[in-house]
1. Tell me, which residue of the range 348-384 that is over 21 Å from ARG410 (Cα atoms) and of a type in the set (Asp, Glu) is surrounded by the most Cβ atoms within 10 Å (Cβ to Cβ)?
2. Take the residues in the range 8-25 that are small (Gly, Ala, Ser) and not in a helix (DSSP H, G or I), then tell me which one is farthest from ILE102 (Cα to Cα).
3. Considering only the range 228-236, I want to know if a residue exists there that is touching a Lys or Arg at 6+ places or on another chain (Cβ under 6 Å) and modelled with pLDDT under 95.
4. From GLY93, GLY64, grab the single residue that is surrounded by fewer than 22 Cβ atoms within 10 Å (Cβ to Cβ), free of Cβ contacts under 8 Å to residues at least 12 places away in the same chain and more than 25 Å from the chain's Cα centre (by Cα).
5. For residues in the range 26-82 being β-branched (Val, Ile, Thr) and either modelled with pLDDT under 95 or part of a loop (DSSP other than H, G, I, E, B) (or both), which is nearest to THR16 (Cα to Cα)?
6. For residues that are surrounded by fewer than 21 Cβ atoms within 10 Å (Cβ to Cβ) and among the aliphatic types (A, V, I, L, M), scanning just the range 132-155, find the one that is nearest to GLY104 (Cα to Cα).
7. Hey, can you tell me all the residues within the range 96-111 that are in contact (Cβ under 8 Å) with a residue 24 or more places away in the chain and either of a type in the set (Val, Ile, Thr) or in a loop (DSSP other than H, G, I, E, B) (or both)?
8. Is the range 242-253 home to any residue that is surrounded by 18 or more Cβ atoms within 10 Å (Cβ to Cβ), within 20 Å of the chain's Cα centre (by Cα) and more than 24 Å from VAL120 (Cβ to Cβ)?
Amino acid sequence: MRYRLTVIGTGYLGITHAACMAAMGFEVLGLDVDADKIARLNAGELPIHEPGLEPVLRRGLDSGRLRFTTSYEEVAAFGDVHFVCVGTPQKRGEYAADVSYIDGAVESLAPLLDRACLVVGKSTVPVGTAERLADKLVRLSPVGAAAELAWNPEFLREGFAVQDTLHPDRIVLGVRSERAEKVLREVYEPLGDVPIVVSDFATAELVKTAANAFLATKISFINAMAEVCEAAHADVQLLSKALSYDDRIGGRYLNAGLGFGGGCLPKDIRAFMARAGELGADQALTFLREVDAINMRRRARMVDLARELAGGSFHGCTVGVLGAAFKPDSDDIRDSPALGVAVAIGHQGGRVTVYDPIALDNARKAHPELSYGESAVDAVRGAHVVLLLTEWQEFVELDPEQLGGVVAARRIVDGRNCLDAEAWRSAGWHYRALGRP
């Protein structure tokens, strides 16, 4: 049987999942409560920046296998398998995750389910959420237990979302029945020979949060080493290189710099700590508090380095900032270290001009108090200090001589350790970087 799929929520995850499932040959109906976003998607316009996703979206629309709606009634009537892909942001003023959007999706969908179906959660949630939602689904659905829940966490990286969906390194299926497992195996069968881990709900929920906690810990570990390297006048880049040859450690996510941000890692590790506390296992994750603290200290250290190069104060100082997105190949500015640094310098009296190849419009909306340039050269014109805060390839390939011709002073802080330090120093720049002498 070729199932008809629905995708509830059209953020990064939802749009990507809907478009890729259509590319795999399924009929897919996506849903969002934002009518403007739905109109744009049906016209083939992406409301986000994700490399390679727009042609996949357009091919799905052109084939007739993919469309989008605002109607839960239409979704309930259409789908055999309903994927829930809504956001779980951090609660304001708390570490815990806000799961109200997931509850809202289930509460809107369940009363309309009048035939057997599978509802599949893909969002990152606190462990225990699936158990609660499964009971709610049965209680609210006209078909009762024939409306079954499964949990299938996503492992997408922004900038590689299409690749990660169509060529995943593993698939995790949190299920309660053989039927649910069979349905999901058939859904993912077109992907070929991919490792599949079948588990209970709680384990499936924990896989994603544990993975993010591990990655955050590895990033903060090398950034902690950068702090030690600065104190000892050592070079964290050489340290990282030496560590990377140990295959127990590896080199991925071992590049010291400004730290992590975005809509996943920061809020997910905080929600993980909060949930562990609720379960009485808070001591198991106390190390994540230091992981988070190290990450935030990197931003403060970047501001300190910039102030040092500015002569001890930002008053009367023009600062050119290269980067606004939390990572390259994305327009996502959620919890962006780059913007965090830019705003902090502005608060301390600096005249800040920001440039980013993709995220400029989002940055302008979020921080209208900053100035913005239309190019890297424009952003650093007349700058007394230049900060590279997002490692876009465009910035890595900048000509230090060309930039040197427009700045007020050749001073640069490489917040991502991605520039050729000797090339910039040879061009007369005072080059500084986190964790390097």
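The values are calculated or read from the model by the stated rules, or taken from the named source; none is laboratory data. Keep in mind it's a predicted model, so treat the numbers as computed, not measured. Heads up, the Cβs are rebuilt from the backbone with ideal geometry, glycines too, and the neighbour counts pull from every protein chain shown.
1. From the range 348-384, those over 21 Å from ARG410 (Cα atoms) are 348, 357-370; that's our starting set.
Of the ones still in play, those that are also of a type in the set (Asp, Glu) are 361, 369.
Numbers: ASP361: 14, GLU369: 10.
For the range 348-384, the residue satisfying everything is ASP361.
2. GLY25
3. No, the range 228-236 contains no residue that is touching a Lys or Arg at 6+ places or on another chain (Cβ under 6 Å) and modelled with pLDDT under 95.
4. Details: GLY93 fails: more than 25 Å from the chain's Cα centre (by Cα).
So the residue among GLY93, GLY64 that is surrounded by fewer than 22 Cβ atoms within 10 Å (Cβ to Cβ), free of Cβ contacts under 8 Å to residues at least 12 places away in the same chain and more than 25 Å from the chain's Cα centre (by Cα) is GLY64.
5. Restricting attention to the range 26-82, the residues satisfying the condition of being β-branched (Val, Ile, Thr) are 28, 33, 38, 48, 56, 69-70, 75, 81.
When the remaining residues are screened for being either modelled with pLDDT under 95 or part of a loop (DSSP other than H, G, I, E, B) (or both), the result is 33, 48, 70.
Working: VAL33: 17, ILE48: 10, THR70: 18 Å.
For the range 26-82, the residue satisfying everything is ILE48.
6. LEU140
7. Within the range 96-111, the first condition is being in contact (Cβ under 8 Å) with a residue 24 or more places away in the chain, and the residues that meet it are 96-97, 99, 101-103, 105-111.
Listed by number, the residues that qualify are ALA96, VAL99, ILE102, VAL106.
8. no
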